[in-house]
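Please read the structure below before turning to the comments.
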Amino acid sequence: MEIPKTYDPKITEDKWYSHWLKHKFFKSTPDDREPYTIVIPPPNVTGVLHMGHMLNNTIQDVLIRRARMQGKNACWVPGTDHASIATEAKVVALLKEQGINKTDLTREDFLKHAWEWKEKYGGIILKQLEKLGASCDWDRTRFTMEEDLSEAVIDVFIDLYNKGQIYRGVRMVNWDPQGLTAVSDEEVLHKEVNSKLFYVKYKIEGTADEWITIATTRPETILGDTAVCVHPEDERYKNLHGKRCIIPMVNRSVPIITDDYITMEFGTGALKVTPAHDINDYNLGVKHKLEVIDTIAADGKMSESAKFYIGEDRFTVRKKIAKDLEEMGHIVKVEDIKNKVGYSERTNAVIEPKLSMQWFLKMDQVSKPALENVLNGEIKLIPEKFVNTYKHWMENVHDWCISRQLWWGQRIPAWYAPDGTFLVAKTGEDAINLAKKSNPNFKFQVSDLRQDEDVLDTWFSSWLWPISVFDGFKNPDGEDIKYYYPTNDLVTAPEILFFWVARMIIAGYEYRGQKPFTNVYLTGIVRDKQGRKMSKSLGNSPDPIDLINQYGADGVRVGMLLCSPAGNDLPFDESMCEQGRNFSNKVWNAFRLIKGWEIGDAKQSEASKIAVKWFDAKFNEQLIIINDLYSKYRMSEALMTTYKLVWDDFCAWYLEMIKPEFVDGKSLPIDKATYDSTILFFEKILKVLHPFMPFITEEIWHLIGERDEKDCIIVAEWPKSIDKNEEIVKHFEVVMEVITNIRNLRKQKNISPKEKLQVFEKVNQGEVIKTYDDIIVKLCNLSSFEYVNEKVENAFSFVLKHAEFFVPLSQNIDVEAEKERLAKDLEYNKGFLKSVEIKLANEKFLANAKPELLENERKKQADALAKIKAIEEQLASLN
């Protein structure tokens, strides 16, 4: 078969992805094998592939492909999240383009438009994941608002309400004036911004010229002030206890109250209290029974209660009121400060603390197993540094505001009767039956009831994901949920550790009595060269599909993973994708080189025998390391170890050792034994590469030998690790150093690679090992490699371990240059010896170090002493 000169990912990727789908290699059904399960963090249905998705899904695919090769029943469940706020915003914007306002539509009409939008655009990101090579079981694709999953959400709401865990009440919430909905604490991003701190004086009631000065960054809220609070121990204000002051503009008389909540050192030590627009002020208001005046409407504009600036935006009013207060003589001074302001994660609008009737889930009791089982190691967070962050959050968790003022989502199953009573039930009929059970005289009909207008927070559906995707609510004893749950690994971003991960753990213990997964691998954030998070708004994020078109999916996967240690941010540079593509080319060229050799009937040479024996040992040594790195979820290191095994050990060393000689411009045949071993090694290499580079490995797998349609590398057996042959690997490290030193000498002295050299070895201590001489002769193009008992005069030399090597050259030796080189070498080795001896003189180190570590340090000491002695003798011979 003609092997193309260059690898073309564009042809290969579509061909093999279609082949895998055709033969259902991604499909999983319960059987007697060990299951290995991952549920995808469902991307927003509004989404398109970005760099974070690329990283996250590449890691998931690596894990799932390796598990499949290990003979496990690998199941990767894909799906999308209905993303209430983001999707509703998209649909509203689309309707606006068509001249339609949401307010002009009924709920049913709006939802019809939303479903149409979802069907048209909702599957884009999943199709893009196919381009990446994601081996998901697409037959299992789920959507958080599909009928069965929505029913599970409603059932869970009703269940938790009946358990007394869900309640309804007026609370201070994070209000998004753009999205026109409440958002949870975790959906608020706190950003440091430049602000102005206004010092405003309020007149003390009943005095001619006595004032109290407050400091605020939000003068627009002054119109809603209902008290001023000072610390009871603050000497500056003791004379004002029990008095009242006048709020400027509105001329409202309010009490001056005392509370040890106040920080005397902050601002003026006097706090304006606005219970309707600040959570801490609200708490003070409840404690001191203060009036609540809501001056900012839901859309962020001033309300009728403000009495001034009605209908104007809060930020416009901030500037206006500051000017007006200054003209009235109430501004004492203005300072420029930096402070933190909360922004809605979804719309980027500045959050407005607002009193609102909402639904909440009590978190104090339900969250306990989720904390306990992370702290005891039942669920592992990788890297472990996130455990403390998780612990802090879970120990300080607030009740979860689960209602959203939207139409797209699962509608809250609460029904209101005309007399003000409400019932929680799946349908209006169920609500009537429920009411009549507790009150036989309940007089209302279904038509009299009004269902709650709000929907549930999107996270209230996705927290059930690991259970609901296997129909664990619909069919709690079903085959799927019993076989696949708990899942194995979850790969996600640290920023949703609490939004999603913690809540899934809570739901897992609440509804299955089990953890939802065993390991949580937390990826880093993909950043640009300047350290900025990649985002559309900054324009610093490349289109992943463009990268795949340019570098191939394998190249991009390798590029992403080369620089992505778990939990640490990924400093993405497009050159890494280029490096990934170059690696693909290296693998392809190695394959073409091997397949280009002609097989002869010659006997296997001693050099080839040793080379085969060495690479077999080296592969097994590295496979043990790679498997260990996988077990520790050190994916980037597992890839780098695989990369070096291929690029350095296989291509740079092994292939050079066994490559047939060129005679008269033609390659001699290779012996069959060496060729067969090489093909076997290459197949093993392809297997360890496959999880990282699925497409090129599948292509070469089918070109390397005759295979039927189903004999694919995607389902080939992962190589088995056998006992290491440590001796040959250790010996070979010295052989490599010898070869490298001789090659460096050629470079330094500008000796042609074609010119044959003689090399002599003087072993100062230990046995003479001649096993590898043929390899040194071949790779260094030597005429001979001999052993001597005395130094060789007029030769360049170098020292390794307990041996000296001499290379006689036809040219004269520059004695001064050689003395200078040896002096530098001597200085380095003396410094190295000193560092080892300091360690060996440290009693603490001697007492605590493992025996093998001590032995290694003593060996370093002996080697350094031998080198120093040999170099000193060489210097003496030159004087």
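Results, tabulated for the structure shown:
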| item | result |
| --- | --- |
| The range 102-185 - charge dipole about Cα centre, Lys and Arg +1 at Cβ, Asp and Glu -1, debye rounded to 20 | 300 |
| Subset of LYS196/LYS533; LYS603/LYS659; LYS609/LYS770; LYS368/LYS632; LYS15/LYS131 violating a 18 Å alpha-carbon distance limit | LYS196/LYS533; LYS368/LYS632 |
| Loop-located GluC sites (Glu not before Pro) in the range 669-719 whose Cβ has at most 11 other Cβ within 10 Å (DSSP) | GLU706, GLU709, GLU717 |
| Residue-normalised accessible area of the chain, given per residue in Å² at a 1.4 Å probe | 47 |
| In order through the range 120-133: 3J(HN,Hα) via Karplus (6.51 cos²θ - 1.76 cosθ + 1.60), integer Hz, x for Gly, Pro | 7, 10, x, x, 4, 5, 5, 5, 5, 5, 4, 4, 6, x |
| The range 13-117 shape via C-alpha gyration tensor axes, a/c threshold 1.5 | prolate |
| When the convex hull of its Cα atoms is projected in every direction, mean area for the range 109-167 (nm²) | 6.3 |
| Rule-of-thumb Rg ratio for the range 233-340 [Cα; 2.2 N^0.38 Å; N residues] | 1.16 |
| Percentage relative contact order, the range 224-352, counting C-alpha pairs under 8 Å, at least six apart | 19 |
| GluC sites (Glu not before Pro) lying in DSSP loop within the range 1-98, provided at most 11 other Cβ fall within 10 Å | GLU2 |
| 16 Å reach of a label modelled at ASP260, 7 Å along Cα-to-Cβ, counting backbone N of the range 222-254 | 230-235 |
| Whole-Å distance, taken between Cα centres, linking the range 559-637 and the range 443-472 | 51 |
| P(r) weight above 19 Å for the range 822-879, C-alpha pairs, percent | 37 |
| Cα lying deepest toward the dipole's positive end in the range 207-344, options ILE247, VAL286, THR221, charges on Cβ | THR221 |
| Using alpha-carbon coordinates, inclination of helix 672-689 to the longest axis of the chain, degrees | 10 |
| Percentage relative contact order, the chain, counting C-alpha pairs under 8 Å, at least six apart | 12 |
| Antiparallel DSSP beta bridges within the chain, percent to nearest 5 | 70 |
| Portion, in percent, of the accessible area of the chain that falls on carbon or sulfur, probe 1.4 Å | 49 |
| Cross-link pairs LYS72/LYS710; LYS22/LYS120; LYS201/LYS319; LYS595/LYS687 - those with Cα-Cα distance over 20 Å | LYS22/LYS120 |
| Of LYS127/LYS362; LYS749/LYS867; LYS191/LYS287; LYS515/LYS850, pairs whose Cα-Cα distance is over 27 Å | LYS127/LYS362; LYS191/LYS287; LYS515/LYS850 |
| Percentage relative contact order, the range 753-815, counting C-alpha pairs under 8 Å, at least six apart | 42 |
| Loop chymotrypsin sites (Phe, Trp or Tyr not before Pro), the range 669-746, which have at most 15 other Cβ atoms in a 10 Å radius of their Cβ (DSSP) | none |
| Only Lys, Arg (+1) and Asp, Glu (-1) charged, at Cβ; the chain dipole about Cα centre in debye | 700 |
| With DNA, RNA and ligands ignored, accessible area of ASP569 (1.4 Å probe; Å², nearest 10) | 70 |
| Two-site FRET efficiency, LYS730 against GLU235, from Cβ-Cβ distance with R₀ of 51 Å, rounded to 0.05 | 0.05 |
| Whether the range 645-737 is rounded, prolate or oblate, judged on the alpha carbon gyration tensor where a/c under 1.5 counts as rounded | oblate |
| Share of pairwise Cα separations in the chain, more than 47 Å, in percent | 45 |
| Given charges at Cβ of Lys, Arg, Asp, Glu: the range 627-679 dipole, positive-most of PHE650, TYR675, MET640 | MET640 |
| Net dipole in debye of the range 578-688 [+1 Lys, Arg Cβ; -1 Asp, Glu Cβ; about Cα centre; nearest 20] | 300 |
| In sequence order, calculated HN-Hα J values of the range 231-239 (Karplus, 6.51, -1.76, 1.60; Hz; x Gly/Pro) | 6, x, 8, 6, 4, 5, 10, 4, 6 |
| Nitroxide proxy distance, nm - points 7 Å out along Cα→Cβ at SER438 and THR389 | 4.2 |
| Structure-based [θ]222 nm, the chain - -39500 (n - 2.57) summed over DSSP H runs of at least 4, per residue, nearest 500 | -13000 deg cm²/dmol |
| For THR207, solvent-accessible area (1.4 Å; no DNA, RNA or ligand), Å² | 40 |
| Whether the range 322-418 is rounded, prolate or oblate, judged on the alpha carbon gyration tensor where a/c under 1.5 counts as rounded | oblate |
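The values are calculated or read from the model by the stated rules, or taken from the named source; none is laboratory data. Predicted model only: the values in this text are computed from it and were never measured. Because the Cβ atoms are built from the backbone with ideal geometry, glycine has one as well, and the counts that use them run over all protein chains shown. Heavy atoms of the whole protein, side chains included, go into the accessibility calculation; ligands, DNA and RNA do not. Shrake-Rupley method; radii C 1.70, N 1.55, O 1.52, S 1.80 Å.
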